[in-house]
Amino acid sequence: MASLPASPSSAPAFLAGLNAPQREAVLTTEGPVLILAGAGTGKTRALTARLAHILWSRLAFPSQILAVTFTNKAAREMRHRMDVLVGEMAEGLPYLGTFHAIAAKMLRTHAALVGLEPNFTILDTDDQLRLLKQVIAEANIDEKRWPAKQLASMIDRWKNRAETPDKVPPGESASFGDGTIAGSGAALYARYQQRLAALNTADFGDLLLHMLTIFAEHPDVLTAYRKRFKYILVDEYQDTNVAQYLWLRLLAQESRNIACVGDDDQSIYSWRGAQVTNILKFEADFPGAKVIKLEQNYRSSPHILAAANGLIAHNKGRLGKGLWTDRNAGDPVKVIGVWDGPEEARIVGETAERLSRDGSSLNDMAILVRAQFQTREFEDRFIAIGLPYKIVGGFRFYERVEIRDALAYLRVIASPADALAFERIANVPKRGLGDKAMAKLHALARAIDRPLPAAAAQLVETDEQTPAARRAMKGLIADLARWREASATLPHAELARLVLEESGYIAMYQAQRSTEADGRLENLVELTRAMEDYPSLTAFLEHVSLVMENDASDASEKLTIMTLHAAKGLEFDHVFLVGWEEGVFPSQRSLDEGGSAALEEERRLAYVGITRARRTATVLHAANRRIYGQWSPAIPSRFVGELPAAHVDVTSTLSGGPSLWRAALANGDPFGDVARGTGRGPGWTRAASVGGFGTNRTPEINVRASAVSVGLKGRSDVAIGTKVFHTKFGAGVVAAIEGNKLEINFEHAGVKRVLDSFIEVV
């Protein structure tokens, strides 16, 4: 290879304005470097300046640099910045991109080594599910009981952990399928891989997995790439999964010039396979590594940073750093205790309007929620007061597919001639009314000039349909008639729960056993809760129509509503952190499934939320949440008590005032001894009677077992010593029982605490 030309003599502009740690991160080019970059500390600037410095200094050709990002947006941003910083020197950079893009580029060169052609195609999600359904059917396994979506999620998890079919843990393999080895998850995974190869295709998980296989079986290929890459740069290292981690570690062994930028305090994607341990053990993986901490924050006020520092300090699994800034002190973090969810939405709306009147833009305000179902209360309130808003990273509540489906059922019950609603739910969930059956129904409706439901009632009396389709349609018509009759006496919210259960709609999502499905079930719970605020089904459906009409607002300024996960990487002047209550945030499901590790990730999520704020951060929590018309006490999140008092301004709309509230928070038990006897109502009395934190003490909705079950009552078929299977942890034996919480000694995962609805008795 030709030698590199001498570097220019003039000082590069990209070094100007860097603080001392940033400059050190740019200029320390040799050996392994971990750039521990806190929120708002200019890590992207440091990373791009480092890449520019390598090119400017002629330390490597563009083709000798591997620069890895997590998103295409980040890759485009880096290329743009490089063009600005070093111009033509940045041309080329063939290995700047996402993990998947770079792995795909490598794999096309070496495809034959894993039985593929260089022109292999990459499967999208829909095609992957279609292929998995074929694999499940070939194995004579009931896809309704063992859905393709569940198997796809398991295979994705295995590939993220770099596990080929022969390496899948036996317990996890046995948690899917018909109970035989031939019909297990690992066997179906192996068959799926065979089908992919026969079709000359790969899914996204294969891109890295195949390259790891090639590196292991063909060391000459690995050696060639090690010699090629003189410098490796990695962004968001805390978000790497096992496969990405192994791929990077293998490639970096030759030059050891690997620089990883990340923040262990912002590792919040374990549900996507990310492992915070990857960044925590960087120094062990690369002995002699230099750790450079970027701690000067250019975003937030000192009070906000001090509150975030104090909160995250409660995590044990971290490398340790402290954000600081030379900006003016600003306002302390506000913590507001409210009576219930509607009051929470009212206060946020009033505060946003006041800030807007004082000159702040709605575009610079955000409400950050832990779960999607929390947005509904705010959306209804903002529609009522005419406050423009937008949902980022998801649909508006009433636009979500599960909500539209549920509303369609209710519309047909309220209006039997609603053909559009009938068509939407005719085969949802699937009941054998496919395209051919619906085409015949449409043809009859046109011929007799009647709505689809009326035409269906006639069609089931003839032989035009197949026997199976006729039975399915007759059953649906009978169900609709029965529900319509029940609507005359049953409260409309109860009617909705009955319809969702009896139609099989709830069971459809329960069978998927995925995080996405659980979120949809939570949204359905919130829908039926919202219905209780309206006097009739007709009034509620009219409200929804008005909401949908207002959704078309073309206001130039809109307040943002989004999840905490979606907010990572963004920033706003004013941030509202809502629903900070035990069981909501931290999420009860996370605590039950993941224990202390999950709690630390939830705390990192809280840290991410606070550090999105530039000027003000407001935390709100309610004393009560209503579940199906019954008020349940809500205990403030433990994270509220972990915020340092010197940087927090605590107020409350509840009787007793802020002084009592401050005292309760200081004791770490807002509803313990200090709160007893204050006459705050049934929610407070109940909460006071159960004490402080540490265990699940509030009723919760068990969305996996039933969308309408409330409370802590456990299963009658489970006792200490019962042998069970868990979809994630495999086989185990029940060791202890507390309501619907089980402590199980798993064969391969050790002792875990889980909800009883997640297990099957064997």
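What 222 nm value per residue comes from the helices of the chain, counting each DSSP H run with n ≥ 4 as -39,500 (n - 2.57) and dividing by all residues, nearest 500 deg cm²/dmol? Could you put the intermediate results ahead of the total?
Numbers: 30 runs with 339 residues, N = 762.
Here the helix-only value at 222 nm equals -13500 deg cm²/dmol.
In whole angstrom, how long is each semi-axis of the equivalent ellipsoid of the stretch 375-501, when you take the square root of 5 times every eigenvalue of its Cα gyration tensor and sort them from largest down?
Numbers: eigenvalues 205, 57, 34 Å².
Calculated on Cα positions only, the semi-axes equal 32, 17, 13 Å.
How far apart, in nm, are the 7 Å Cα→Cβ label points at LYS390 and LYS436?
Each label point lies 7 Å from its Cα, and together they span 4.6 nm.
Considering Cα pairs under 8 angstrom that are at least six residues apart, work out the relative contact order of the chain and quote it in whole percent.
Values: 1280 pairs, mean separation 107.5, N = 762.
Answer for the chain is 14 percent.
So, taking all protein chains as they sit and a 1.4 Å probe, how much accessible area belongs to ASP142, in Å² rounded to tens?
90 Å²
Could you check the spin-label model distance between LEU546 and ASP649? Points 7 Å from the Cα along Cα→Cβ, value in nm.
The answer from the label model is 3.5 nm.
When only the heavy atoms of the protein chains count and the probe is 1.4 Å, how do HIS543, HIS726 rank by accessible area, highest first? List each step's numbers first, then the result.
Values: HIS543 30, HIS726 5 Å².
Sorted descending by solvent-accessible area, the residues read HIS543, HIS726.
Order ILE141, ILE383 by their accessible area, 1.4 angstrom probe, all chains in place, largest first.
Numbers: ILE141 15, ILE383 35 Å².
Order by accessible area, largest first: ILE383, ILE141.
For ARG614, list long-range residues whose amide hydrogen, built 1.01 Å from N in the peptide plane, is under 5 Å from its own amide hydrogen.
Residues meeting the amide H criterion: PHE572, ASP573, HIS574.
Roughly what % antiparallel, to the nearest 5, for the DSSP beta bridges in the chain?
Values: 26 of 75 bridges.
Bridges in the chain are about 35 percent antiparallel.
Report the normalised scattering of the chain as log10 I(q)/I(0) at q = 0.12 Å⁻¹, calculated by the Debye formula with identical scatterers on the alpha carbons.
These q points yield log10 I(q)/I(0) values of -1.54.
Rounded to whole Hz and in sequence order, give me ³J(HN,Hα) for the stretch 112-127 from the Karplus expression 6.51 cos²θ - 1.76 cosθ + 1.60, θ = phi - 60°, writing x for Gly and Pro.
4, 6, 10, x, 10, 8, x, 8, 4, 9, 10, 5, 8, 4, 4, 5
Given a 1.4 Å probe and every protein chain left where it sits, what share in percent of the accessible area of the chain is carbon and sulfur?
Values: 16340 of 31280 Å².
C and S fraction of accessible area: 52 percent.
Which shape class, rounded, prolate or oblate, goes with the stretch 199-298 when its Cα gyration tensor gives a ≥ b ≥ c as root eigenvalues, a/c under 1.5 marks rounded, and past that a/b bigger than b/c marks prolate? Could the numbers behind the result be given before it?
Values: a/c = 2.41, a/b = 1.35, b/c = 1.79.
Cα axes put the stretch 199-298 in the oblate bin.
Could you state how much accessible area LEU521 has, in square angstrom rounded to the nearest 10, with a 1.4 Å probe and all protein chains kept in place?
Roughly 0 Å² of LEU521 is accessible to a 1.4 Å probe.
Does the stretch 102-177 come out rounded, prolate or oblate by the C-alpha gyration tensor, with a ≥ b ≥ c the root eigenvalues, rounded set by a/c under 1.5 and, if not, prolate when a/b is larger than b/c and oblate if not?
Details: a/c = 2.37, a/b = 1.61, b/c = 1.47.
Since a/c reaches 1.5 and a/b is larger than b/c, the shape of the stretch 102-177 is classed as prolate.
Amide H of GLU581: which non-local residues (sequence gap of 5 or more, or other chain) have their own amide H closer than 5 Å, using H built in the peptide plane?
Counting only residues 5 or more places away or on other chains, the set is SER637.
In sequence order, what are the phi-derived ³J(HN,Hα) couplings for the stretch 25-37 according to the Karplus relation 6.51 cos²θ - 1.76 cosθ + 1.60 with θ = phi - 60°, rounded to whole Hz, with x for glycine and proline?
5, 6, 8, 7, 8, 9, x, x, 9, 10, 9, 7, 10
Accessible area of TRP146, 1.4 Å probe, to the nearest 10 Å²?
20 Å²
Given H placed 1.01 Å from N in the peptide plane, which residues other than close sequence neighbours of THR563 have an amide H under 5 Å from its amide H?
So THR563 has HN proximity to VAL369.
Using alpha carbon centroids, what distance separates the stretch 265-287 and the stretch 479-511, in Å?
46 Å
Which residue, ILE214, ALA486, ALA274, has the largest displacement toward the positive end of the dipole of the chain when charges sit on each Cβ (Lys, Arg +1; Asp, Glu -1)?
ILE214
Any idea what Rg and Dmax come out to for the stretch 1-146 if you just take the C-alpha atoms, in Å?
21.3, 71
Using the charge dipole of the chain (Lys, Arg: +1 at Cβ; Asp, Glu: -1 at Cβ; taken about the Cα centre), state which of VAL114, GLN194, VAL578 has its Cα farthest towards the positive end.
Farthest along the dipole direction, towards plus: VAL114.
So how do ASP285, ASP126 rank on accessible area, 1.4 Å probe, biggest first, that is with the largest at the start? Don't skip to the end; give the middle numbers.
On the way: ASP285 35, ASP126 100 Å².
Largest to smallest exposure gives the sequence ASP126, ASP285.
Can you compute 3J(HN,Hα) from phi for each residue in the stretch 612-619, using the Karplus curve 6.51 cos²θ - 1.76 cosθ + 1.60 with θ = phi - 60°, rounded to whole Hz and x for Gly and Pro?
Per residue, the Karplus-derived 3J(HN,Hα) values read 6, 8, 8, 10, 9, 10, 10, 9 Hz.
With an 8 Å cut-off on Cα pairs and a minimum separation of 6 or more residues, tell me the relative contact order of the stretch 315-419 in percent. It would help to have the intermediate numbers written out before the result.
Working: 30 pairs, mean separation 19.2, N = 105.
Once divided by the residue count of the stretch 315-419, the mean separation gives 18 percent.
Using alpha carbons only, how many angstrom separate the centre of the stretch 29-94 from the centre of the stretch 340-369?
38 Å
The values are calculated or read from the model by the stated rules, or taken from the named source; none is laboratory data. Here the structure is a predicted model, which means the values were calculated and not measured. In this analysis, Cβ positions are derived from the backbone assuming ideal geometry, glycine residues included, and neighbour counts consider all displayed protein chains. These area figures cover heavy atoms from the full protein model, side chains too; ligands, DNA and RNA do not enter into them. Shrake-Rupley method; radii C 1.70, N 1.55, O 1.52, S 1.80 Å.
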